[in-house]
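The values are calculated or read from the model by the stated rules, or taken from the named source; none is laboratory data. Just so it is clear, the model here is predicted, and its values are computed rather than measured. As a convention, Cβ positions derive from the backbone with ideal geometry for all residues, glycine included, and neighbour counts pool all protein chains shown.
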């Protein structure tokens with residue numbers, strides 16, 4: 001009961017953690033979206049503010065020059081230079097120039113103004129065209145007042161005819177230096193991009209902090225659960241071994257005194273007693289010091305020897321490697337790879353699974369051992385529980401083998417992972433620091449200490 005309680009608590013904790021993670025991820029996602037929307041609104045607001053300031057400045061410049069024209073073209077030119085305006089003009093409703101000054105065009109594209117009026121429904125809405133290369137802005141709109149300057153003929157190119165002076169001005173036009181507007185717009189966009197980057201960075205940072213804290217809490221809970229499980233397991237295995245010893249003795253006696261007709265029933269009882277004995281031994285093994293006494297082992301002949309214990313051919317592929325040395329306790333290494341290869345041979349329902357062991361080196365730091373099969377693969381939703389003690393997907397499994405294997409591998413600063421193969425079956429990857437790399441680290445550490 002202690003085992004079941006400890007495992008169920010761990011699963012309940014993971015269930016709660018999963019729900020909490022979902023809410024946290026949703027919360028962070030919503031906060032991220034809201035901050036991005038707020039930043040977008042602020043950016044649009046600043047952009048509108050800059051545009052409005054530019055429009056106000058263009059209207060102000062036009063009015064200043066408009067008034068200066070009454071004092072003559074020299075005064076108007078002076079004001080244009082001060083306002084950084086290169087052209088102004090008054091145009092008829094057809095877009096033909098009436099009074100133009102500076103670089104103003106002789107006619108205006110009225111189709112653009114008509115389209116803007118149709119879209120906005122505002123007859124006073126102006127049109128701005130931007131030239132990014134020259135950093136100039138052209139602005140024209142309908143005049144609010146049909147006013148005519150009594151200043152004579154102003155010049156555009158070779159000059160305008162006097163007949164145009166008699167036409168009623170309907171449209172005003174101004175062309176001015178927009179470098180300040182472009183600079184302000186560029187700065188606003190840079191700030192917007194930086195804001196997006198900062199918000200994204202903060203979101204990722206918060207997620208990383210949360211995930212790190214979650215992993216720490218899960219590890220702490222796992223360790224507490226294992227400690228509680230270990231205490232219960234020691235007591236339980238001790239209590240089980242005593243009656244098992246007595247039962248084994250009594251079974252040996254029954255084999256001697258009972259007739260041969262009871263042999264089949266006695267064999268069944270022997271197998272069940274042996275199964276319980278093996279389980280208690282595995283539990284005791286799980287509680288042992290996982291490190292043991294590491295020795296230098298060449299994994300190529302070591303695993304090749306283990307494969308001979310099975311009643312099927314298992315290919316060991318070392319890809320031309322001559323040696324693959326690791327530091328590992330031989331008994332614990334045998335327990336790990338016997339269990340992994342045994343699981344692979346039993347991975348197919350109703351048939352014999354093809355099993356292959358690949359031994360590679362990942363750089364000079366690690367030795368990689370892959371146990372591959374073409375069995376049924378990992379059941380959906382089982383990945384989170386595979387290393388839980390007493391969790392199993394096999395009808396006759398105890399669920400302790402993978403937990404022991406990972407504990408032994410982790411003690412050697414390695415890793416053990418399982419995944420489904422795209423072509424079907426399961427791939428088990430074991431990574432262990434190479435003996436050569438560990439020796440180099442020890443030598444470097446000793447030299448640094450000296």
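At-a-glance table
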read-out: Some residue of the stretch 126-137 being at pLDDT 60 or above, over 19 Å from residue 55 (Cα atoms) and surrounded by 12 or more Cβ atoms within 10 Å (Cβ to Cβ); value: no
read-out: Complete set of residues in the stretch 18-61 that are exposed (fewer than 15 other Cβ atoms within 10 Å of the Cβ) and closer than 30 Å to residue 221 by Cα; value: 18, 19, 20, 21, 22, 23, 25, 26, 27, 29, 30, 31
read-out: Positions within the stretch 351-373 being more than 15 Å from residue 425 (Cβ to Cβ), assigned to a strand (DSSP E or B) and touching a helix residue (DSSP H, G or I) at 6+ places or on another chain (Cβ under 8 Å), in sequence order; value: 359, 366, 367, 369
read-out: Residue within the stretch 240-255 that is at pLDDT below 80 and under 50 Å from the mean Cα position of the chain (by Cα) present; value: yes
read-out: Filter result for residue 160 (over 21 Å from residue 44 (Cβ atoms), buried (at least 17 other Cβ atoms within 10 Å of the Cβ) and modelled with pLDDT under 50); value: yes
read-out: Residues of the stretch 408-434 classified as touching a strand residue (DSSP E or B) at 6+ places or on another chain (Cβ under 9 Å), assigned to a helix (DSSP H, G or I) and modelled with pLDDT under 90, total; value: 2
read-out: Residue check for residue 368: modelled with pLDDT of 90 or more, closer than 24 Å to residue 423 by Cβ and assigned by TED's automatic domain parsing to the domain that holds residue 440; value: yes
read-out: Condition broken by residue 307, with the remaining ones in (1) modelled with pLDDT under 80; (2) within 49 Å of the chain's Cα centre (by Cα); (3) over 22 Å from residue 403 (Cβ atoms) satisfied; value: (1)
read-out: The stretch 76-112, subset modelled with pLDDT of 80 or more and assigned to a helix (DSSP H, G or I), residue surrounded by the most Cβ atoms within 10 Å (Cβ to Cβ); value: 80
read-out: Scope the stretch 299-312; condition crowded, with 17+ Cβ neighbours inside 10 Å and within 13 Å of residue 333 (Cα to Cα); matching residues; value: 299, 300, 302, 303, 306
read-out: Hits in the stretch 413-428 (condition: surrounded by fewer than 16 Cβ atoms within 10 Å (Cβ to Cβ) and within 23 Å of residue 364 (Cα to Cα)); value: 413, 415, 417
